[in-house]
Each structure stands twice: as structure tokens, then as C-alpha cells.
Amino acid sequence: MPIVSMDGTNDSMVTEFVLLGLSASLEMKILLFLFFSFYVGIVLGNLFIVFTVVCDHHLHSPMYFLLANLSLIDLGLSSTTAPRMITDIFTEHKVISFPGCMIQMFFVHVMGGTEMVLLIAMAYDRYTAICKPLHYLTIMSRKTCICFVVTTWVIGVIHAVSQFVCIVNLPFCGPNKIDSFYCDFPRVAELACTDSNWVEHVVTANSGLISMGTFFLLIMSYIFILVTVRHHSSAGLSKAFSTLSAHITVVFLFFAPCFFVYVWEFPTLSLDKFLAILDFVVTPLLNPAIYTFRNKDMKVTMKRLSRKIVSSKEQS
């Protein structure tokens, strides 16, 4: 809405942003609707992992404690964007309010930063279990696990706040169309009515640093684990790799889009948008499948819970 200041200049303040989405074609919208309907699977799958870990005392161990927290973060990360993406697919005028856009950006980066650091904690858990099995329960005590989780959230909040304070006070007085299906710091900064290059550099440096730093730290930890196991037993190498394969799969699926969106600039934003779907839809959906169907303890627990449910129904 235009506002005329006392000096006669015409200022305006953006109160909402228009999300251009992914595609205007009906066929693509139908495909995307089917794709984003996987959000139901994300909710049910991740809540199932949390419920199973909490209810079964056999899974009250450091690894599954961290896994339950990963499921909660995946659910939160997906919920910041996926429900709105689903409702916007068949909506002609895709509008998000200015406060809503700011809140979405903030929580996307809180959840994303928290998950990156949590993956490091999970890698350290696997390192301790594989390389120092006799001291595992001593090192990965309950207090240590809680400290890990608290630290991941603190770093995630700091990561988001350090970028949010740079964006929220920028003047927005003209363009309000975002060529994406969600609000993100780089896209919104481009719409500011001032030179925002320094903000974009801060965002790129911040997100790029935490993405590349945690990724290379994770890769180094995997290499160190495999080298350590190989020195002790060549037979144990394949077993260790099998144990780490699920974690490695999650890491590559999660970090690949971050590299392309925040580190490697493309001439077109189309690829960025589709890569972002991996983080918001694909990875949160695959995590439950990877950690349940490829995990012996989880499969045994699922059978145990199903037998309890069946027996309780028969008794009733």
C-alpha cells in the first residue's frame, strides 16, 4: 500500500509475498500433488519411529534416542513447507503474509541447522559403538546424549538468528514475487529496496559454511571409522560399512541440495526449487524407511508391537 511521506516521496511497504510455485501446467500440478501427498507418509513414518522408541524399552539406547530426535526434526522441517505447498498447488493466487514469510524462513533454517549438527552427533555415536564398543555406554551416557541434543538446537537457532536479523530489517517497498514455493533468505533478500549484496553474502557464507563444514566432518568421520575397523579386521569392514550405509545415504540426500542452493550458484532457479524438494519431502520420507526396514532391532520391535496390538484386540 503506497504511503506518502512528509518530504513528498512515495514509499510503500510490502505486506505480503507472492509465491510463484513450481509450475503452472495442470499435468505438473497433479504430479506434484501426488508427490507432496507423501507428506502423510512423512508424518506417520516419523511419528511411528518416535512412538516405537519411546514405548519399547529395548530401544532405550543412545542411538535410538538420537534417531527419535532426528525424526522429530525431519517432521518439523517438512511441516514448515510441505502443507503450504500442497494447498498452493491448485490455488491461483499463492500469497504469504510478510510475518508468515519471516517465520517460515526462520524455522526452515532452525530445523535445517539443527539436523546438520544432529547428524554429526549420530556419526559420533556410530564411531563410539564401532571403534570403542567396550566403553560405548560410558561415553554415550544419558547426560551426553541430552547435551548433544541441546547443543544441536542451540547451534540451529544461532544459525537461523544470525541470518534472520540481517533480513527482517531490510526495506521492502516494491517487488514481492518469489520464484519459489517457499520463503528463503536469498530469495527474499533479492527483493529488498536497497543494496542487499552484503546480506546475500552473509547468508551464503553462513549456510554454506555450516553445510560444507558439517558435511566434510561427517565424511572424515566415516573414513576414520572404516580405516580403524580395517586395521582390526577386514571382515569387520563390510559389517561396519553396512551399518554406516543408512547414515551415509541420509547425509548425501540431505546435503546435496544445500550445496546447490547455497554454495553453487546456477543460472536458473528451476533446479534449485526441485532440489529443495529433496530436503523437505524426499529425505524426511526416506528416513523412516531407511532406519526401520534396514534395521534389525526396529523390525523385531515392530513385530513385537504388532503382536501386542493383536493380542489386546483379541482380549477385548
Quick one: which of Ala256, Ala246 is touching a Leu at 6+ places or on another chain (Cβ under 9 Å), hydrophobic (A, V, I, L, M, F, W, C) and either surrounded by 13 or more Cβ atoms within 10 Å (Cβ to Cβ) or modelled with pLDDT under 70 (or both)?
Ala256
Condition set of a type in the set (A, V, I, L, M, F, W, C), modelled with pLDDT of 75 or more and more than 28 Å from Gly21 (Cβ to Cβ), scope the stretch 269-301, selection surrounded by the fewest Cβ atoms within 10 Å (Cβ to Cβ): answer is Val300
Examine the stretch 164-172 for a residue that is open to solvent by 60 Å² or more (accessible area, probe 1.4 Å), closer than 25 Å to Gly213 by Cβ and either assigned to a helix (DSSP H, G or I) or among the basic types (Lys, Arg) (or both), and state whether such a residue exists.
yes
Condition check for Phe33: open to solvent by 60 Å² or more (accessible area, probe 1.4 Å), touching a residue at least 12 places away in the same chain (Cβ under 8 Å) and under 23 Å from Phe17 (Cα atoms)
yes
Picking from Ser78, Ser71, the residue that is closer than 30 Å to Val227 by Cα and in contact with a Phe, Trp or Tyr (Cβ under 9 Å, 6 or more places away or on another chain) would be Ser71
Pick out, from the stretch 75-156, the helices (runs of 4 or more DSSP H) lying fully within it that include 3 or more residues that are open to solvent by less than 10 Å² (accessible area, probe 1.4 Å) and in contact with a helix residue (DSSP H, G or I) (Cβ under 8 Å, 6 or more places away or on another chain).
98-131
Scanning the stretch 180-217 residue by residue, those surrounded by 22 or more Cβ atoms within 10 Å (Cβ to Cβ) and over 22 Å from Ser162 (Cβ atoms) turn out to be Phe181
Subset of the stretch 55-72, residues at pLDDT 90 or above and farther than 21 Å from Lys143 by Cβ, comes to Ser71
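The values are calculated or read from the model by the stated rules, or taken from the named source; none is laboratory data. As the structure is a computational prediction, the values presented were derived from the model and not from experiment. Methodologically, a virtual Cβ is constructed for each residue, glycine included, from the backbone with ideal geometry; neighbour enumeration extends over all protein chains shown. Surface areas here come from the heavy atoms of the whole protein model, side chains and all, with no ligands, DNA or RNA. Shrake-Rupley method; radii C 1.70, N 1.55, O 1.52, S 1.80 Å.
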